[in-house]
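This report refers to the structure that appears directly beneath it.
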Amino acid sequence: MSTNNTSKEVETTGHVWDGDLREYSNPLPSWWLWTFYGTIVFSLIYWVLYPTWPIGNDFTKGIKTIEVKDEQGKVIYDGHWNTRALLLDEMRNSPAALRQKEGIEMVKNASYEQILASPEMMSFARSMAKGLFGDYCAACHGTGGQGVLPYFPNLADDDWLWGGKVENIQKAITSGLKGNMPGFPTIQGQALDDLALYVLSLSGEKVDAAAAERGKKGYAMCMGCHGADGKGNAMLGAPNLTDKVWTVANVPGAGSIEGMKQEITNVIHKGIKREMPAFGHRLKDYEIKMLTVYVHEMGGGK
């Protein structure tokens, strides 16, 4: 009994390897071909609309244009489309940018009391000021505001050399600060040690009472800035010597009275000079306002 083979043989190119390996000649699927043709058409349209081909030191600009306006509606760019102009437009007119504008207007028109009392405005100010702090303040004061002895004060400990109210902080950011304690190289030997021990006694450290009493006489030249009671003067940026917060000497890390005394004598002998630059010409008023409440909150506020 015979049977007919009705199966259709697949067409080959005629190439044969090793006797039985053949190269088939199957047609490409139509969907694949149309997709390929579509990419060609898309490329041609893209080349016409957008910047694409380099030509010497220049490139084809494309015919698509874009107009970008600033916050006041003034046109700041009107020309060929490019990714830089697109970014500029998105930074001003995207939904996120529009929400940011609303938040900025809200903060600009509010007093410090209103901002500090509003969770919504504080949340917005905090989110923007965190970036500002990272850009302008963190290099000196650290990302968490912890500062670096002896030049950059800790902003997170609620001990404010120049005052911790928002007005004080705003003034410091806007106009900058200059702190200068002169050195006293003429004070040497026991007189220097006694003065350092008296300063330590002001903060409650247990020191030789007789030596501290002798040092009290030498402290007379310090009272003009630090006060007779050693509690400092915010008008001058003179630190409080009674609160165990040391801004220019690593007294807590000294480990012993002798080490603490050495830290204090170094400051008395050499003095200290530090400066915070002004940011009033670098930052907008609303940026300073948000940075002010951020730093105020960082230190617990006053």
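When the stretch 72-121 is filtered for residues that are within 30 Å of Y50 (Cβ to Cβ) and among the small types (G, A, S), the ones remaining, listed by number, are G73, G79, A85, S94, A96, A97.
Could you tell me whether any residue of the stretch 50-63 is under 18 Å from Q170 (Cα atoms), at pLDDT below 95 and surrounded by 12 or more Cβ atoms within 10 Å (Cβ to Cβ)?
Residues of the stretch 50-63 that are under 18 Å from Q170 (Cα atoms), as a first pass: none.
Looking for residues that are under 18 Å from Q170 (Cα atoms), at pLDDT below 95 and surrounded by 12 or more Cβ atoms within 10 Å (Cβ to Cβ), one finds none in the stretch 50-63, hence no.
When residues in the stretch 191-213 are screened for being in contact (Cβ under 8 Å) with a residue 24 or more places away in the chain and over 17 Å from A254 (Cβ atoms), 2 of them pass.
Cβ-Cβ distances below 9 Å connect the following pairs, each with a first residue in the stretch 93-104 that is in contact (Cβ under 8 Å) with a residue 60 or more places away in the chain, a second residue that is assigned to a helix (DSSP H, G or I) and among the aliphatic types (A, V, I, L, M), and a separation of six or more residues or different chains: I104/M128; I104/M290.
Tell me yes or no: at least one residue of the stretch 283-296 is closer than 15 Å to N168 by Cβ, among the acidic types (D, E) and not in a loop (DSSP other than H, G, I, E, B).
Residues of the stretch 283-296 that are closer than 15 Å to N168 by Cβ, as a first pass: 288-289, 291-296.
When the remaining residues are screened for being among the acidic types (D, E), the result is none.
No; the residues of the stretch 283-296 include none that is closer than 15 Å to N168 by Cβ, among the acidic types (D, E) and not in a loop (DSSP other than H, G, I, E, B).
Only helices (runs of 4 or more DSSP H) whose full extent lies in the stretch 173-242 are considered here, and the ones with at least 3 residues that are buried (at least 17 other Cβ atoms within 10 Å of the Cβ) are 189-202, 209-218.
Residues that are buried (at least 17 other Cβ atoms within 10 Å of the Cβ), assigned by TED's automatic domain parsing to the domain that holds I169, on the phi > 0 side of the Ramachandran plot and modelled with pLDDT under 95: does the stretch 268-288 have at least one? Steps first, please.
Start the filter on the stretch 268-288 by keeping residues that are buried (at least 17 other Cβ atoms within 10 Å of the Cβ), which leaves 268, 272, 274, 276, 279, 283, 286-288.
Subset that is assigned by TED's automatic domain parsing to the domain that holds I169: 268, 272, 274, 276, 279, 283, 286-288.
Adding the requirement that they be on the phi > 0 side of the Ramachandran plot leaves none.
No, the stretch 268-288 contains no residue that is buried (at least 17 other Cβ atoms within 10 Å of the Cβ), assigned by TED's automatic domain parsing to the domain that holds I169, on the phi > 0 side of the Ramachandran plot and modelled with pLDDT under 95.
State whether the residues of the stretch 34-41 include one that is surrounded by 10 or more Cβ atoms within 10 Å (Cβ to Cβ), in contact (Cβ under 8 Å) with a residue 24 or more places away in the chain and either in the same structural domain as G79 (by TED's automatic domain parsing) or of a type in the set (K, R) (or both). No, that holds for no residue.
Do you know which residues across the stretch 117-145 are part of a loop (DSSP other than H, G, I, E, B), in the same structural domain as V248 (by TED's automatic domain parsing) and surrounded by 15 or more Cβ atoms within 10 Å (Cβ to Cβ)?
Let us first name the residues in the stretch 117-145 that are part of a loop (DSSP other than H, G, I, E, B), namely 118, 137, 142-145.
Then drop every residue that is not in the same structural domain as V248 (by TED's automatic domain parsing), which leaves 137, 142-145.
Result: C137, G142, G145.
Quick check on the stretch 283-298. Is at least one of its residues in contact with a Gly (Cβ under 6 Å, 6 or more places away or on another chain) and hydroxyl-bearing (S, T, Y)?
Applying the first criterion (in contact with a Gly (Cβ under 6 Å, 6 or more places away or on another chain)) to the stretch 283-298 yields 298.
Restricting the remaining residues to those that are hydroxyl-bearing (S, T, Y) gives none.
Looking through the stretch 283-298, none of the residues is in contact with a Gly (Cβ under 6 Å, 6 or more places away or on another chain) and hydroxyl-bearing (S, T, Y).
Which one is nearest to the chain's Cα centre (by Cα) among residues in the stretch 243-282 that are charged (D, E, K, R) and outside any helix (DSSP H, G or I)? It would help to see each step written out before you state the result.
Kept after step one, since they are charged (D, E, K, R), are these residues of the stretch 243-282: 243-244, 258, 261, 263, 270, 273-275, 282.
From what's left, outside any helix (DSSP H, G or I): 243-244, 273-275, 282.
Values: D243: 30, K244: 29, K273: 25, R274: 21, E275: 19, R282: 14 Å.
Applying the filter and picking the extreme gives R282.
Beta carbons closer than 8 Å, at least 6 apart along the sequence or on distinct chains, pair a first residue in the stretch 42-70 that is in contact (Cβ under 8 Å) with a residue 12 or more places away in the chain and basic (K, R) with a second that is exposed (fewer than 13 other Cβ atoms within 10 Å of the Cβ) and assigned to a strand (DSSP E or B) for K69/V75. Counting the residues of the stretch 247-261 that are free of Cβ contacts under 8 Å to residues at least 12 places away in the same chain and not acidic (D, E) gives 6.
Would you pick out the residues in the stretch 164-187 that are in contact with a helix residue (DSSP H, G or I) (Cβ under 9 Å, 6 or more places away or on another chain) and under 19 Å from M223 (Cα atoms)? The answer is M181, G183, F184, P185, I187.
The values are calculated or read from the model by the stated rules, or taken from the named source; none is laboratory data. If you're wondering where the values come from, they're calculated on a predicted model, not measured in any experiment. Cβ sites come from the backbone with ideal geometry, for glycine too, and all protein chains shown count toward neighbours.
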